[in-house]
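Following: one structure in structure tokens, then a few remarks.
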Amino acid sequence: MAKGIYESEAFLADKDFVFGLLGDFVKRRIAGEEAGVDDNFSEVLARTLEDNDGEVDLQELISEAYLLLMAGTGNTAKLLNCGLQHILADSEWLGEFREELAGYGQDSFARGIKAYPKFKATIFEIERMFPAAPVLARTVAKPFEFAGYRLERGEKVLHLQTLPHFWEEVYEEPYRFKPIRWIENKYSKKSRGSFGGSTHICLGMNLARIHMPIVLANVLSGYELRQESKDEIKVNFNYGVPQVSDILGRFVARI
Ligand code: HEM
């Protein structure tokens, strides 16, 4: 069986290179190198030192630096891949979707995607069904009690903020990719956790919501995807990529 991309030598070499680079960067900052500008990592480092009496966990800081560097690209790609698979598998919806996009051009979304309700519904359904970051890691700052459990300062907590995406009482048939639900229903903001919430809500949310529609509209209005491998995409309950195999195919221009 062919090796998946994440096991390939090229990928592992790139990974070593990137994490090596980030490791050097983090060590230099811990040693006192100035950022030059007031960047986000300076904030992270200052708070970590303050909260932990000057102690730092190097690996954790390298992961933070990686997330700051990577934020967004992987998530957006994952959502698009998963969404495309489902849209292409539903020829009826694909037809209606393309009808709505007829005449689509580079200025079409200049005023947002309100004028494209089916398209908007599709984006929301992709966000619901394939949350790229379904669970968030948190550390208790102030002790509190939740559902009979006492949580002390410093304890690690996983917050499954996208759980409502799969609650039957909120979304009927939650495991079905059904964009039309967004046209037929009005859902509360609290039932949507793809971009997190509160103070640390995704800084790139608005950018992702520009990127995804543009890519999807360009791909689906201009191309047919000739898929050359079986897709294996599942609903993701874990942190990481819900795509369990590479997808091979060719985009062929529509005439
Ligand atoms: C579909 C795409 C994306 C998804 C699903 C996503 C998801 C998330 C989530 C769930 C969080 C909250 C993390 C937490 O509370 O611990 C977050 C934070 C963040 N995201 Fe995104 N994100 C996406 C795209 C982007 C893009 C395009 C950028 C930047 C260009 C970005 C930058 C950030 C940053 C900097 C934070 C940290 C905010 C903070 O801690 O105050 N994200 N993202």
Positive-end residue, the stretch 1-70 charge dipole about Cα centroid, Cβ charges, pick of Tyr6, Ser42, Leu61: Tyr6
Whether the stretch 91-217 is rounded, prolate or oblate, judged on the alpha carbon gyration tensor where a/c under 1.5 counts as rounded: prolate
Dipole-positive endmost among Leu163, Leu220, Ser198 within the chain (Cβ charges, Cα centre): Leu220
The chain - Debye-derived log10 I(q)/I(0), Cα point model, q = 0.09, 0.10 Å⁻¹: -0.52, -0.64
In sequence order, calculated HN-Hα J values of the stretch 101-108 (Karplus, 6.51, -1.76, 1.60; Hz; x Gly/Pro): 8, 4, x, 4, x, 5, 9, 4
Leu94-Leu248 pseudo-label distance in nm [points 7 Å out on the Cα-to-Cβ vector]: 2.0 nm
Candidates Arg128, Arg192, Arg47: whichever shows maximal mean-square fluctuation once the chain is modelled as a Gaussian network with Cα springs under 10 Å: Arg47
Nearest-20 debye value, the stretch 1-70 charge dipole, Cβ charges on Lys, Arg, Asp, Glu: 340 debye
Sequence-distant residues sharing a close amide H with Gly249 (under 5 Å, placed H): Glu228
The stretch 1-70 - percent relative contact order, Cα under 8 Å, separation 6 or more: 35 percent
Radius of gyration, Dmax [the stretch 3-123; alpha carbons; angstrom]: 21.7, 60
Thr73 accessible area, 1.4 Å probe, all protein chains in place, Å² to nearest 10: 90 Å²
Relative contact order %, the chain, counting alpha carbon pairs below 8 Å whose residues are six or more apart: 18 percent
Added length on full extension, which subtracts the Cα-Cα distance from 0.36 nm per residue, Ala46 to Ile255: 69.6 nm
Residues of the stretch 69-85 with amide N under 19 Å of the 7 Å Cα→Cβ point at Ile210: 70-77, 80
q = 0.17, 0.18 Å⁻¹: log10 I(q)/I(0) that the Debye formula gives for the stretch 1-70, counting C-alpha atoms only: -0.66, -0.72
Residues with amide H under 5 Å from that of Tyr223, placed H, sequence gap 5 or more: Arg254
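The values are calculated or read from the model by the stated rules, or taken from the named source; none is laboratory data. All of these numbers come straight from a predicted model, not from anything done at the bench. So basically every Cβ, Gly included, is an ideal-geometry build from the backbone, and we count neighbours across all protein chains shown. Remember, those area values only see protein heavy atoms, side chains included, never the ligands or the DNA or RNA. Shrake-Rupley method; radii C 1.70, N 1.55, O 1.52, S 1.80 Å.
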